[in-house]
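What follows is a single structure, written as structure tokens, with notes after it.
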Amino acid sequence: MNPLDVYKKLPRKNCGKCSAGTCMAFAVQFLRKMILTSECTELDEQGKQEIDVMLSDTGDWMERRLQELFNEISRINFSNVAEGLGAVAEGDFLKIRYMGKDVVVTPSEFKEELTIWDKLLILMYIKNAGSSLLSGKWVAFRDLKDGLIRAESFHEACELSLARMFGNNPDGFLQKLTVLGAQDISGFSAKHSLVVYPLPKIPFLVLLWPGDEEFEPDCKILFDSTVTEFLDVEALLYLGMALVRALKI
Ligand code: SF4
């Protein structure tokens, strides 16, 4: 099973109404269990069922990875890593802020309803146990360690998706960012510059330019230079996609 198999079953309209933004991106995210068929407003019920069946045997590796990560974090003393992660340890659980909400995780489970991708991202963040202080130096995705390899994917899946959402409804989009805890920051040439924290030590600096007759709306995301101590670029790409989903809902 590969994304092309799913893509062929999609309406292939590239209408941009789902959080993936394009049908091919939808197909990739669907196989990674990051998006549901219900997000494609152009699919009828039969189409949704046909695609859902395709997913039924692809999810096992994610469950296995989830279990591996739980095994790894069960060996971590939460009290020792909480401060470095920007989290709070209480008893045998860790309270951590994810996408503007407090999430409680124990060595074997999450107390909140989350998608499997959200769980994987949070557990990877805990497993890495980064502890650096933020440097305050902003860098582009492509300038991070190994960033060049995934820079184009990050641009398409995250920056272009956010630019499109911002262009469709600027006020609503800014309001949703604010609900996630985003705050204005000065010193940048973009029309809007906001910092949002999908995870406590991973700020996203979101720069937004409205469109005009000549140019489409644009979005650029910058990271603190310490970010890869907390998540590698692959996970960072998925965190960006999770942010897109959170802003879409
Ligand atoms: S909603 Fe997404 S997957 Fe469905 S047709 Fe539009 S772009 Fe393609």
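No lab work stands behind these numbers, since they all come straight from the coordinates. This structure is a prediction, so every number in the text was calculated from the model and none was measured. All Cβ positions, glycine included, derive from the backbone under ideal geometry; neighbour counts span all protein chains shown.
A few remarks follow.
- Using a simple spin-label model with pseudo-atoms 7 Å out from Cα toward Cβ, Ser38 and Glu68 lie 3.1 nm apart.
- When the Gaussian network model of the chain links Cα atoms closer than 10 Å, the mean-square fluctuations of Gln183, Gln29, Gln49 top out at Gln49.
- Once exposed loop GluC sites (Glu not before Pro) are cut out (DSSP; at most 15 other Cβ, 10 Å), longest piece of the chain: 114-212
- Dimensions in Å of segment 30-110 - Rg and Dmax from alpha carbons: 17.6, 51
- Here the Karplus curve 6.51 cos²θ - 1.76 cosθ + 1.60, taken at θ = phi - 60°, turns the phi angles of segment 24-30 into couplings of 5, 4, 4, 4, 5, 5, 4 Hz, with x standing for Gly and Pro.
- Largest-first principal axis extents of the Cα set of segment 138-248 (Å): 38, 28, 28
- For segment 78-89, putting each phi into the Karplus relation 6.51 cos²θ - 1.76 cosθ + 1.60 with θ = phi - 60° gives couplings of 4, 4, 6, 10, 4, 4, x, 8, x, 10, 10, 9 Hz, in residue order, rounded to whole numbers and with x for Gly and Pro.
- More than 32 Å apart - percent of Cα-Cα pairs taken over the chain: 23 percent
- Computed label-point distance, nm, for sites Ser108 and Ile76 using a 7 Å Cα→Cβ extension: 1.9 nm
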